[in-house]
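Just so it is clear, none of the values below were taken in a lab; they were calculated from the coordinates. This is a predicted model, so every value here is computed, not measured. Note that we place each Cβ from the backbone using ideal geometry, even for glycine, and neighbour counts take in every protein chain shown.
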Amino acid sequence: ALWDERGKALMEQLAADEFYQSEGLKYSAKDGCPYMIAVNRAASTVTVLALDDEGNYTKPYMAMVCSGGADTPLGFFATPVNYDWRLLAGPSYGQYATRIWDSYLFHTVPYYSQHKDDIEYDQFNQLGTQASLGCIRLLVCDVKWIYDNCPIGTRVVIYDNADDPGPMGKPGTIYTDPTDESKRGWDPTDPDSANPWDAAFRSGTAIRSEAAWNEWNDAQNDGRWNGSINPTDLQGWSTDSSVEGTRG
């Protein structure tokens with residue numbers, strides 16, 4: 001009940017803000033979109049909101065730790081496209097990317113190459129801090145959840161509140177030892193069967209509601225989660241000809 005109260009208070013507060021009014025913020029139900037995503041840039045936290053009994057996106061569903069950056073735009077958006085792999089600045093690469101707006105995406109911590117065992121492990125250990133060039137970085141299991149469950153057109157609001165990470169709080173992080181050559185190249189939450197990390201890490205650190213845990217377990221058991229895993233081997237990356245450049 002406390003999460004629900006806090007979720008409603010957050011959305012009412014944002015909707016009353018002149019900036020978000022000018023952005024056209026809406027949090028009423030949108031056909032085909034079960035969730036809305038609220039990103040607290042200052043607190044490095046993503047909160048997924050489900051519909052409440054009144055048909056508004058105020059019900060906290062799950063919270064994820066993330067990294068944005070000083071260039072992450074504040075505002076109200078709707079996702080236009082997603083990618084299994086995406087070329088990022090550097091060049092570097094991200095898995096399970098969903099574009100938020102312009103050159104800003106949800107994606108994994110960047111990889112040096114299009115191989116799942118080649119993550120930028122020093123960057124991985126900065127998750128939960130301001131570390132990106134503007135995109136929103138997430139654990140593999142969290143960004144894949146968005147890729148799988150948040151259809152194109154899902155609304156996204158990005159705001160700042162350094163004092164309050166969000167209705168469910170801020171999840172923790174996972175540390176990867178930069179001297180451990182056998183594991184450091186992998187995101188511990190990557191569901192790929194080749195991942196050397198213990199399977200106990202696969203659900204990540206997200207704070208989940210009971211409904212979110214039920215959905216997570218169902219997806220593991222009925223094949224949905226494994227059915228959309230990127231192949232282990234090098235994959236061609238998707239391009240979006242309408243937008244040049246992507247910020248990692």
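Taking the C-alpha atoms only, the angle from helix 210-222 to the longest principal axis of the chain is near 40 degrees. Cβ-Cβ distance of residue 54 and residue 175, R₀ of 51 Å, FRET efficiency by 1/(1 + (r/R0)^6): the value works out to about 0.80. Here region 103-165 has an Rg and Dmax of 12.9, 37 Å, counting Cα atoms alone. The angle between the Cα long axis of helix 2-16 and the main principal axis of the chain comes to about 70°, on a 0 to 90 degree scale. For region 198-235 and region 113-150, write down the distance between their C-alpha centroids in whole Å. Centre-to-centre distance over Cα atoms comes out at 15 Å.
Between residue 101 and residue 163, what is the FRET efficiency for a Förster distance of 25 Å, r being their Cβ-Cβ separation, to the nearest 0.05?
Working from the Cβ atoms, E equals 0.45.
Pairs exceeding a 32 Å alpha-carbon distance, out of 144/183; 30/170; 26/170; 26/183; 8/116; 59/144: 26/183; 8/116. Over every Cα atom in the chain, the radius of gyration and the widest Cα-Cα span, Dmax, amount to 17.0, 51 Å.
Relative to the longest principal Cα axis of the chain, at what angle does helix 140-149 sit, 0 to 90 degrees, rounded to 10? Value to nearest ten degrees: 50.
Rg/Rh, computed from the Cα trace of region 23-165 with Rh as the Kirkwood radius, has the value 0.96. Taking the Cα atoms of region 131-184, the ratio Rg/Rh between the radius of gyration and the Kirkwood radius comes to 1.03. Using the Cβ-Cβ distance between residue 29 and residue 70 with R0 = 45 Å, the FRET efficiency computed as 1/(1 + (r/R0)^6) comes to roughly 0.85. In plain terms, the residue of 132, 193 with the fewest other Cβ atoms within 10 Å comes first and the most crowded comes last, giving 193, 132. For residue 112 and residue 226, the difference between the fully extended length at 0.36 nm per residue and the C-alpha to C-alpha distance is 38.6 nm.
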